Amino acid sequence: MSLPLTTVLEVVPFAFLGERLWLDFVNTDDARRGSRVDLLRDFDALVRWLESAAVLDGERGGGIRRRAVQQPAGATAALADARRIRAALRSLAERGMHVAEVRLNAVNEINRVLGRSAGTRRLEPRPDGTFQRSFVPVGDAFAGLMIPVVESAADALVLGELARVRRCADARCPRVFFDGTKNGRRRWCDMATCGNRAKAARHRQKVMTHV
């Protein structure tokens, strides 16, 4: 079931329900009140998502924003590229398990991103005492922004995780997620939203049949 594409003018909180970075990125193409919503409506929204996902810290995010002001064409191109990557990863999430051509296209897209930028990989402490990997690009400030996202997708292919990637069972919801449950029967992106709607609908149907 396709939904009309709309844009969001207000700042909408990002949902991190996919259990994998690349799936959370795919889910920035979301749905609200029955309409498709692109949460990456501008370059600043992309930077905010990367910060929310802990791909960028506040210092690097601020630096990227300043560079975007200085190089608006570069920022616009980076946003268009991020959306292109997202489209390829959505196809991988939804059809990659069963369609070899989709997997091949995703691999080509991943390798395109991995091969275009040089930089330094670092291990950095977080304020809470845990650690995170980071990639600091050399030269083009925008070139490496999608590196962690495509590396997450590459990990899914290497580890054979596509068989556990699901789309939400609610036909109105485009979110995808990794099913890490033991029995492999997770159906909803979020029980608090789509799961509860389905539960309420079943209850209404049961009441109707007994009236």
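The values are calculated or read from the model by the stated rules, or taken from the named source; none is laboratory data. Keep in mind the model is a prediction, meaning the values are calculated, not measured. Glycine gets a Cβ as well: all are built from the backbone with ideal geometry, and neighbour counts include every protein chain shown.
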Exercise for review: Select from region 44-79 the residues that are assigned to a helix (DSSP H, G or I) and within 15 Å of the chain's Cα centre (by Cα) and list them in ascending order.
Suggested key: Ala45, Leu46, Val47, Arg48, Trp49, Leu50, Glu51, Ser52, Leu79
**Study point:** Selection count where residues are at pLDDT below 90 and of a type in the set (Val, Ile, Thr), scope region 162-205
**Key:** 1
Review point. Has region 87-102 got any residue that is out of contact with any Phe, Trp or Tyr (no Cβ under 7 Å at 6 or more places or on another chain), without any contact (Cβ under 8 Å) to a residue 60 or more places away in the chain and of a type in the set (Val, Ile, Thr)?
Key: yes
Check your understanding: Does region 43-64 contain at least one residue that is among the β-branched types (Val, Ile, Thr) and over 18 Å from Pro148 (Cβ atoms)?
Key -> no
Review point. What pairs come up if the first residue lies in region 1-28 and is surrounded by 15 or more Cβ atoms within 10 Å (Cβ to Cβ), the second is part of a loop (DSSP other than H, G, I, E, B) and modelled with pLDDT under 75, and their beta carbons are under 7 Å apart, counting only those six or more places apart or on different chains?
Key: Leu3/Gly34
Practice item. Out of the residues in region 166-186 that are under 23 Å from Arg32 (Cβ atoms) and basic (Lys, Arg), state the one that is surrounded by the fewest Cβ atoms within 10 Å (Cβ to Cβ). Key: Arg172
Point to revise | Residue that is farthest from Leu79 (Cα to Cα), among those in region 113-140 that are in contact with a helix residue (DSSP H, G or I) (Cβ under 7 Å, 6 or more places away or on another chain) and at pLDDT 80 or above | key: Leu114
